[in-house]
1. Find out how many positive minus negative residues lie around residue 146, taking Lys and Arg as positive, Asp and Glu as negative, among other residues whose Cβ is under 14 Å from that of residue 146.
2. With the Cα gyration tensor of the stretch 194-241 in hand, give its eigenvalues times 5 under a square root as the equivalent ellipsoid semi-axes, listed largest first in whole angstrom.
3. Regarding the stretch 326-433, what is the average projected area of its C-alpha convex hull, in nm²?
4. So who's got an amide H within less than 5 Å of the one on residue 58, skipping anything under 5 residues away but keeping other chains? H placed 1.01 Å off N, in plane.
5. Residue farthest toward the positive end of the dipole of the chain, with Cβ of Lys/Arg at +1 and Asp/Glu at -1: which of 195, 119, 345?
6. Per residue of the stretch 383-397, what does 6.51 cos²θ - 1.76 cosθ + 1.60 with θ = phi - 60° give for ³J(HN,Hα)? Whole Hz please, x for Gly and Pro, Karplus curve as stated.
7. Grab the other residues whose beta carbon is less than 15 angstrom from that of residue 344, score K and R as +1, D and E as -1, and report the net.
8. Using the 4.7 Å Cβ rule, please list in number order the cysteines from the chain without any candidate partner.
Amino acid sequence: MQYIDNILFVALLAAGIWFFAKNIKTLIRNIKLGKDIDRTDNKPERWKNMAKIALGQGKMVRRPVSGILHIIVYVGFILINIEVLEIIIDGIFGTHRAFSGMGAFYGFLIGNFEVLAFLVLVAVIIFWVRRNVIKIKRFWKDEMKGWPKSDGNMILYFEMILMTLFLIMNATDVEFQAMNNGNVISQYITPLFSSMETSTLHIIERSAWWLHIVGILIFLNYLYYSKHLHILLAFPNTFYANLKPKGQFTNDANVTKEVKMMMDPSADPYAMPEEGAEEEIATFGAKDVTDLNWVNLLNAYTCTECGRCTSECPANLTGKKLSPRKIMMDTRDRLEEVGKNIDANNGEFKDDGKNLFDWISKEEVWACTSCNACVETCPVNIDPLGIIMEMRRYLVMEESAAPAELNNMMQNVENNGAPWPYNQMDRMKWVDE
């Protein structure tokens, strides 16, 4: 009977890790549904970006208030979870504060953890106030209604509860308080429980201990369903981000192939494929998520829904329908639906009559000015413009569905060598006037 707690702990830990691994496997499968793209060039620069942007939070502090608060939560939450290692050892082997034998160093660690836990709690409360009381505009856009709004608050509640449980666990641990080593914050909470019996304190401490570790396992598995998946994906996302100058667009391989064939005097554009060879049908742009590349899909899962991109988008600021954040959220939602379709059909996708344009309208796609403001401001180097341009490419090259203004411009370029409907011979008339 004395090992029941240990067995229960191991069972919960194993179940939590198994479910997390299962979700990560699904996540990787979904991302790999995208087309292949090589992003392994210039690795020193990629490692530098990951260290500076994902680990160092380099782009977060461009907005100092939210940036500094985010760094506190980020650093605090990561470091405090080092304590989880001790909890796991205690849970498996039935020990109590297995690392306490480290003496003063243990006190130094726990003391820092307590200070960070308090700072994280304060920062998270400020985030909640900014979101729900001050109601900062970017958190109240149309795409942030329903689940996105609830998700944003839920993660804040999670963090509040976990930090509070950590401090209560320390404050009600009679042995830990007697050590007077590392209890820099919890010693001020202990008086709240001074009237209680030692046995009662033990029950509270054990309850907080169990709730804390169970809460961490729930939080770990909640990540897959939450925008906070960026905690994990920010690192690969910044590593595989596009290193080319902003504004330099990629050429479609199929278009390049056609142009090279047209310029090759020995090529026969009407040549039939060799017998037995399958003729590859060229497609242009992206009609659905599987037409995007895998980095686009990684971007979609990494989106933090912070709204910095939308708050700096000139199209959005002038009242147009486009929201770069919504582009990423819609891409992720469609990808999730495709993944569920595959799961429901034994690993094969069954045509459901839908595509990405059922989530992202043509109006949104054409509202973009391609200025790259969204790409520049994103804290984790997400590229909404890459998805928009692929959808545009599909509309123009597969459906011939460019707006009339764009068709007129292209016709003018073809006829007059300029976007304007004036004869080349008349270009300098304005000088005479």
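The values are calculated or read from the model by the stated rules, or taken from the named source; none is laboratory data. Being a predicted model, the structure only gives us computed values, none of them experimental. So basically every Cβ, Gly included, is an ideal-geometry build from the backbone, and we count neighbours across all protein chains shown. The protein model used for the area step is the full one, side chains on, heavy atoms only, and it has no ligands, DNA or RNA in it. Shrake-Rupley method; radii C 1.70, N 1.55, O 1.52, S 1.80 Å.
1. Numbers: positive: 141, 145, 149, 227, 326; negative: 142, 143, 151, 305, 330, 333.
Surrounding charge for residue 146 is -1.
2. Working: eigenvalues 299, 20, 9 Å².
Equivalent ellipsoid of the stretch 194-241: 39, 10, 7 Å, largest first.
3. On the way: hull surface 41.1 nm².
One quarter of the hull surface, i.e. the mean projection, equals 10.3 nm².
4. For residue 58, the qualifying residues are 53.
5. 195
6. So the J values, rounded to whole Hz, are 10, x, 4, x, 6, 4, 5, 5, 5, 4, 4, 5, 4, 6, 8.
7. Details: positive: 29, 340, 350, 354; negative: 336, 337, 343, 348, 351, 352.
Net charge around residue 344: -2.
8. Those would be 303, 306, 313, 368, 371, 378, since no other cysteine Cβ in the chain comes under 4.7 Å of theirs.
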